[in-house]
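Worksheet: the structure to be examined is printed underneath.
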Amino acid sequence: MTIPLIDQLADASLLKEQAYIGGRWVDAQSNNTFDVVDPATQKIIARVADLGAAETAQAIELADTAMREWRAKAPKQRSDILERWYQLIVDNTEDLAIIMSAEQGKMLAESRGEIAYSASFIKWFAEEGKRVYGDVISSAQTDRRGITIKQAIGVVAAITPWNFPSAMITRKVAPALAVGCAVVLKPAAETPLSALALAELAHRAELPAGLLNIITGVDAVAIGGELTSNKRVKKLTFTGSTPVGKLLMAQCANTVKRTSMELGGNAPIVIFDDADLDLVMPGIINAKFRNSGQTCISANRILVQKGIYDTFIARLQDAASTFNFGTYSDGNSTHGPLITQTAVDNVDAKVQHAVAQGANLVCGGEKNDSTGYFYPATILTDLTREMAIFNEEIFGPVAAIYPFDTEQQAIDMSNDTPFGLAAYVYTESMRRSWRVAEALEYGMVGVNETAISAETVPFGGVKESGQGREGSKYGLDDYLEIKYICFGSMDK
Ligand code: ADP
């Protein structure tokens, strides 16, 4: 028998079912709720307030008001509050990890890792927020002096996905708050509990009311419509699929809002003959099977040079045969479920289509009808760029392997996609690693490494994978406006 989520927590008050607006916990105006389901057991674990456009508009108004005092504070005052929030998250890691695993399905070790990663953005931006600089500009005229200052952009709308229910929030909210913005955030309806737990800890850290608002709800179109049309919102930051990102950008055009977009990927991992397979194997397991393949930087196309092709496949099959899919709470699983039955059906359809087009199925590839949204570790080989799967983001534990002959062929295949988020290269040649990394049209390239993300480095894509960078010294830029001030008549 599974223990109810609330009884698994040391601090039951971290499990919230109401939305968080203007520093208060609120129900939907309609009093409606929606179910949050554990994808491993299909059990309902919470019933969360189902808000819509009206509550979103109210939150935006409160955010706009709260921001006026917040932006006037010294950066250090904002930083102190963010530091407290960071510490509370660290102190409550275990409960936050349990909440995340229960609603998202990932293993506890992965959830603990995500909480640490999530908290790291708050600590980083608490510091970076103190380091916002302007310029003194050499003047074109003798009687003028010019300077620039950077100011908080205004109320920020944020829309986040379910695959990283905590980290995708903090890497938007922390820089926004650090520079003086207020945030209205819509988490994915599949995983609202992690967002609400973060809000509870922000509340305990005494973040002033109205600066962080969590709008939970299933009507993404209504909430998103308000966030993108409301004139008080000056910026939208979104992580999710490319089609929704494009739609939101179009919606934002009407009020000329700034947008940052972290969208889909189609990451290649290029493994050359000279690669050290002892490095490749943990790298590929991380890049392909972490979060059961549900990450936007997952190794979506595995390109393997022909000299090590067979050895690589045999070793990958050995590794995959040790995976144990199950629930986070059973203690002996290595991998979790997918997020929904629809996700399982979509992944399976891609696999079956590839097989119909001539792919070789090495293992997996079969849905089972047991409880939970599970899909087995699957290996497809002998794929070609003509097959549909070459252009699809798989978002599941399916290794899609393509043979190649030459370096140029690997580069051409890698770049043959509208996406450009992450790419990986395994080679022992320093010259080749530079050459290939420079030729890849991607925002991020991992050389002999797939765990490339951290709060200190810029995360983001090119082409249809998005715009803007999160984390790093660049992560504040998306929340700041540059103002030029001209001092005239300086010779009087
Ligand atoms: P995924 O395939 O990862 O679920 P989505 O882009 O559908 O990607 O979802 C990412 C986030 O975008 C979620 O919070 C979802 O609710 C939200 N979303 C989806 N459709 C819309 C929309 N039309 N307007 C605003 N938000 C949306």
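The values are calculated or read from the model by the stated rules, or taken from the named source; none is laboratory data. What you see is a predicted model; the values in this text were computed from it and never measured. With ideal geometry, Cβ positions are generated from the backbone for all residues, glycine too; neighbour counts draw on all protein chains shown.
A few notes on this one:
- The stretch 211-243, residues that are among the β-branched types (Val, Ile, Thr), under 14 Å from Lys186 (Cα atoms) and surrounded by 17 or more Cβ atoms within 10 Å (Cβ to Cβ): Ile214, Ile215, Thr216, Val218, Ile223, Thr228, Val233, Thr237, Thr239
Yes/no per residue for (1) under 27 Å from Arg71 (Cβ atoms); (2) in contact (Cβ under 8 Å) with a residue 24 or more places away in the chain; (3) among the β-branched types (Val, Ile, Thr):
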| residue | (1), (2), (3) |
| --- | --- |
| Gly446 | no, yes, no |
| Thr450 | no, yes, yes |
| Ser453 | no, yes, no |
| Pro458 | yes, no, no |
| Ser472 | yes, no, no |
| Cys486 | yes, yes, no |
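- Exactly one residue out of Ala423, Ala388, Ala377, Ala400 is touching a helix residue (DSSP H, G or I) at 6+ places or on another chain (Cβ under 7 Å), under 18 Å from Pro39 (Cβ atoms) and not acidic (Asp, Glu), and it is Ala377.
- Count - residues of the stretch 325-339 that are of a type in the set (Gly, Ala, Ser) and either touching an Asp or Glu at 6+ places or on another chain (Cβ under 6 Å) or modelled with pLDDT under 95 (or both): 2
- Selected residue (only one of Thr311, Thr322, Thr342 is at pLDDT 95 or above, in a loop (DSSP other than H, G, I, E, B) and among the hydroxyl-bearing types (Ser, Thr, Tyr)): Thr322
- Candidate set from the stretch 241-263 (those that are among the basic types (Lys, Arg) and in contact with a helix residue (DSSP H, G or I) (Cβ under 9 Å, 6 or more places away or on another chain)); member that is nearest to the ligand (Cβ to nearest atom): Lys257
- Being more than 21 Å from Met67 (Cβ to Cβ), among the polar types (S, T, N, Q), more than 14 Å from the chain's Cα centre (by Cα) and away from the ligand (no atom under 16 Å from the Cβ) is a condition met by at least one residue of the stretch 148-158.
- Residue tally, condition within 10 Å of the ligand (Cβ to nearest atom) and in contact with a helix residue (DSSP H, G or I) (Cβ under 6 Å, 6 or more places away or on another chain), over the stretch 166-192: 3
- From the list Phe272, Phe238, the lone residue that is more than 8 Å from the ligand (Cβ to nearest atom) and of a type in the set (Phe, Trp, Tyr) is Phe272.
Listed here are the residues, each with its yes/no results for (1) of a type in the set (S, T, N, Q); (2) surrounded by 18 or more Cβ atoms within 10 Å (Cβ to Cβ); (3) free of Cβ contacts under 8 Å to residues at least 60 places away in the same chain.
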{"site": "Lys43", "(1), (2), (3)": "no, no, yes"}
{"site": "Met67", "(1), (2), (3)": "no, yes, no"}
{"site": "Arg71", "(1), (2), (3)": "no, no, no"}
{"site": "Ala74", "(1), (2), (3)": "no, no, yes"}
{"site": "Val90", "(1), (2), (3)": "no, no, yes"}
{"site": "Ala97", "(1), (2), (3)": "no, yes, yes"}
